[in-house]
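One structure is given below, encoded as structure tokens.
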Amino acid sequence: MTAPSIRNVSEREARQVAEAAREQDWRKPSFAKELFLGRFRLDLIHPHPTPAIDDVRRGEKFLATLREFCETEIDGARIEREGQIPDETVNGLKELGALGMKIDPKYGGLGLTQVYYNRALSLVGSASPAVGALLSAHQSIGVPQPLKLFGTQQQKETFLPRLARTDISAFLLTEPDVGSDPARLATTAVPDGENYILDGVKLWTTNGVVADLLVVMARVPASDGHKGGITAFVVEADSAGITVENRNAFMGLRGLENGVTRFHRVRVPAANRIGPEGAGLKIALTTLNTGRLSLPAMCVGSGKWCLKIAREWSAAREQWGRPIARHEAVGAKISFIAATTFALEAVVDLSSQMADENRNDIRIEAALAKLYGSEMGWLMADELVQIRGGRGFETAPSLAARGERAVPAEQMLRDMRINRIFEGSTEIMHLLIAREAVDAHLSVAGDLIDPDKSLADKGKAAAKAGQFYARWLPKLVAGPGQLPRTYQEFGRLAGHMRYVERTSRKLARSTFYAMSRWQGRMETKQGFLGRIVDIGAELFAMSAACVRAEYLQETGDHGREAQQLADVFCRQARIRVEELFGRLWTNTDELDRKVVSGVLDGSYTWLEEGIVDPSGEGPWIADATPGPSRADNVRRPIS
């Protein structure tokens with residue numbers, strides 16, 4: 001058999017592929033899903049879930065060991081300067097067992113909970129974001145997690161002991177011409193007896209330069225005995241026919257071992273296939289349900305560092321007779337960093353503990369945490385640079401060279417920027433979360449707006465939708481958030497909880513009105529959907545912050561300060577929410593579309609005159625035609 005070329009894919013076909021990869025059912029309750037439907041299910045997150053004593057003991061013991069390693073063995077400045085993580089650092093992490101934080105002890109791992117795994121990433125990421133990215137890519141989305149969820153017993157016994165102690169893994173999905181649209185995936189895996197033959201090129205393979213094991217997504221052609229479709233494989237990185245053609249360099253995360261990997265007639269045993277043929281995208285998305293929590297966990301660490309530097313610097317730096325922290329313009333930034341760090345940690349810890357307990361479906365919560373963490377993390381880093389002024393723009397080595405403390409604020413800003421793109425860009429996260437948020441509506445009324453459905457199907461859908469909305473809409477009119485004495489257990493924060501309840505119903509009403517207005521065109525209203533999701537993210541963060549503050553108040557652990565931080569955060573969030581509601585219906589979305597059309601058809605090229613473009617020559621997208629490599633192999637196994 002020969003590998004088929006990938007044809008052009010229509011917009012509708014691309015949506016169908018993405019839809020088929022979704023988890024279609026909701027077997028467990030979801031706080032965030034209910035929130036978008038106007039149902040404030042506080043019982044799903046309150047009282048705040050707590051970890052088991054043994055999990056805490058094991059987790060705290062490892063964090064203490066890891067902290068000592070971070071303080072003595074990770075040289076973040078050296079990694080930034082040399083552009084790679086030293087082999088001795090990676091080997092030290094292996095000896096600690098850091099590669100197996102989430103792997104079951106029976107396979108040689110540490111068996112940490114999601115809560116403590118994320119705290120470990122937050123700690124490591126503060127020492128070096130590049131090291132945090134290496135550990136996260138290895139076990140959040142790399143080989144261990146899909147094997148844990150979908151692997152056979154034989155696969156687990158074969159690979160997990162290696163992954164827990166010695167072998168680094170990488171996840172290979174993206175291609176030069178394929179980003180968030182997997183329907184156009186070009187890498188193929190052609191059946192050949194008891195093997196598959198892989199051909200194709202993968203781009204932005206985090207850990208790919210140093211990896212020992214790869215999880216690769218490739219398209220199996222349909223044939224007799226083969227269902228076909230996008231499929232996941234475990235591949236030995238030193239297999240014949242694999243070439244790492246380039247080690248990519250970025251504006252931040254300069255120690256990131258990220259490359260371009262070419263497969264030319266790579267033979268992979270069928271025993272290395274994860275799950276059935278055609279299940280690759282579903283495996284990838286399911287893996288990301290909890291895998292996405294690693295990124296906001298590292299954003300929490302960044303927020304804590306930003307707060308520490310802002311506190312120390314703004315107390316030492318004086319202008320006009322007093323510390324700059326006492327000037328309102330700077331103080332507001334410090335308050336934002338402190339309150340947002342508290343709320344983001346609350347979101348990550350709550351989502352992680354729910355993942356550990358496995359009582360709730362957290363696919364939306366994890367996606368919201370990733371979206372909110374990456375956006376807020378970037379804003380906090382940007383505000384720190386502004387607080388530091390010229391010193392924020394100056395590099396740490398330059399500061400040290402002239403005798404000042406080497407604070408890498410500008411590096412933090414560069415390192416944080418990728419988080420708005422990694423593991424689903426902000427724009428893609430908006431669409432992904434919006435799809436899940438309107439799932440209940442599409443399940444009852446989707447056939448009404450589907451042009452391919454018959455009149456009979458539309459009639460049945462109308463009846464089904466009528467029954468659903470007759471029960472649902474009246475419940476959006478009034479609720480406990482309108483009663484002055486509800487949620488009194490939250491003390492000074494009770495008013496914020498009432499606001500979340502009221503606003504969740506308002507959000508659901510706005511979504512319903514938009515669906516009634518635009519129907520099948522709703523999916524094209526990406527600006528509107530993005531604002532809907534952002535409102536939901538704020539409401540989720542407010543809920544998490546209040547629940548965490550109430551928990552800390554009950555346990556006596558900085559309870560008063562936590563209440564103050566949650567109160568300030570909620571007041572800041574409410575301002576953002578009201579602005580987003582206003583922009584749902586008062587915006588420039590239609591005008592923007594007209595301007596974009598003008599830009600694309602060349603109407604505004606006169607506006608580009610008077611500049612010189614310093615870009616180099618070459619195609620916008622590199623050629624990824626399958627075939628033998630013409631480049632040197634730059635793979636660098638850790639020695």
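Peptides 609-616, 552-559 ranked from most to least packed, by the mean per-residue count of other Cβ atoms within 10 Å: 552-559, 609-616.
Here the stretch 150-236 is treated as a sphere whose radius is the Kirkwood value from Cα pairs; by Stokes-Einstein at 10 °C and 1.306 mPa s it diffuses with a coefficient of 113 µm²/s. Partners of K33 within straight-line reach, counting aspartates and glutamates whose Cα lies under 17 Å from its Cα and excluding those fewer than 8 residues away in the same chain: E23, D25, D43, D361, E365, E436, D439, E501, D534, E538. Tell me which of F540, A133, T290 sits at the most positive position along the dipole axis of the chain, charges placed on C-beta atoms (Lys, Arg +1; Asp, Glu -1). Ranked along the dipole, the leading option is F540. Put simply, when 589-600, 399-410, 212-223 are sorted by average Cβ atoms within 10 angstrom per residue, most first, you get 212-223, 399-410, 589-600. Taking Lys and Arg as +1 and Asp and Glu as -1, the other residues whose beta-carbon sits under 15 Å from that of A332 total +2. Potential lengthening of the chain between L473 and L591 amounts to 39.2 nm, from the contour at 0.36 nm per residue minus the alpha-carbon distance. If you average the alpha carbon positions of the stretch 101-126 and of the stretch 378-419, how far apart do those two centres end up, in angstrom? That distance is 29 Å. Our summary gives the stretch 289-413 a relative contact order of 32 percent, counting only alpha carbon pairs under 8 angstrom and 6 or more residues apart.
Would you mind checking K28/K202; K370/K594; K28/K475; K282/K506 for any pair whose Cα atoms are more than 30 angstrom apart? K28/K202; K370/K594; K282/K506, as the Cα separations exceed 30 Å there.
Per DSSP helix of 4 or more residues, -39500 (n - 2.57); summed, then divided by the residues of the chain. What does that give at 222 nm, rounded to the nearest 500? So the helix-based figure for the chain works out to -17000 deg cm²/dmol. Evaluated over the Cα positions of the chain, the convex hull gives a direction-averaged projected area, one quarter of its surface, of 32.5 nm².
Across the stretch 382-525, Cα-Cα pairs farther apart than 20 Å form 69% of the total. If the convex hull of the alpha-carbon atoms of the stretch 99-174 is projected onto planes in all directions, what is the mean projected area in square nanometres? Mean projected area for the stretch 99-174: 5.0 nm², to one decimal. P(r) for the stretch 299-356, from all Cα pairs and a bin width of 10 Å, is 24, 40, 22, 10, 3, 0 %, short bins first. The aspartates and glutamates within cross-link reach of K227, meaning a Cα-to-Cα straight distance under 12 Å and a gap of 8 or more places when in the same chain, are E277.
Scaling the Cα radius of gyration of the stretch 259-381 by the globular reference 2.2 N^0.38 Å produces a ratio of 1.55.
Put simply, when 494-504, 476-486 are sorted by average Cβ atoms within 10 angstrom per residue, most first, you get 494-504, 476-486. With a simple spin-label model that places each label point 7 Å from the Cα along the Cα-to-Cβ direction, the separation between T65 and Q24 comes to 4.5 nm. Computed about the Cα centre, the dipole magnitude for the stretch 160-274 is approximately 160 debye when only Lys and Arg (+1) and Asp and Glu (-1) carry charge, each at its Cβ. Here the chain is assigned +1 on the Cβ of each Lys and Arg and -1 on the Cβ of each Asp and Glu. Its dipole about the Cα centre then comes out at about 1680 debye.
Per-residue 3J(HN,Hα) values for the stretch 115-128, derived from phi via the Karplus relation 6.51 cos²θ - 1.76 cosθ + 1.60 with θ = phi - 60°, read 4, 7, 4, 5, 5, 5, 5, 4, 5, 5, x, 6, 6, 7 Hz in sequence order (x marks Gly and Pro).
Given a Förster distance of 51 angstrom, what is the FRET efficiency for A332 paired with T50, based on the Cβ-Cβ distance and rounded to 0.05? Once the sixth-power term is evaluated, E becomes 0.90. Taking Cα centre as origin and charging only the Cβ of basic (Lys, Arg, +1) and acidic (Asp, Glu, -1) residues, the dipole magnitude of the stretch 405-512 rounds to 600 debye.
For W320, project a label point 7 Å along Cα to C-beta. Then give me every residue of the stretch 378-400 with its amide nitrogen under 11 Å of that point. Of the residues in the stretch 378-400, none has backbone N under 11 Å from the label point off W320. Under a cut-off of 17 Å between alpha-carbon atoms, report the aspartates and glutamates in cross-link reach of K94, not counting same-chain residues fewer than 8 places apart. Within the straight-line limit of under 17 Å, K94 reaches these aspartates and glutamates: E68, E71, E73, D75, D104, D167, D212, E257. What shape does the stretch 377-462 have by the C-alpha gyration tensor, where a ≥ b ≥ c are the square roots of the eigenvalues, rounded means a/c under 1.5, and otherwise prolate means a/b greater than b/c and oblate the rest? It is prolate, given that a/c is not under 1.5 and a/b is the larger ratio. Taken over the stretch 185-338, the convex hull of the Cα atoms encloses 139 Å³ per residue. One way to sum up the overall shape of the stretch 543-611 is the equivalent ellipsoid from its Cα gyration tensor, whose semi-axes run 48, 15, 9 Å, largest first.
Applying the criteria of a DSSP loop state and at most 14 other Cβ atoms within 10 Å to the chymotrypsin sites (Phe, Trp or Tyr not before Pro) of the stretch 265-365 yields W320. Normalised size of the stretch 457-598, defined as Cα radius of gyration per 2.2 N^0.38 Å with N residues, equals 1.30.
FYI, it's all coordinate maths here, none of it is from the lab. What you see is a predicted model; the values in this text were computed from it and never measured. All Cβ positions, glycine included, derive from the backbone under ideal geometry; neighbour counts span all protein chains shown.
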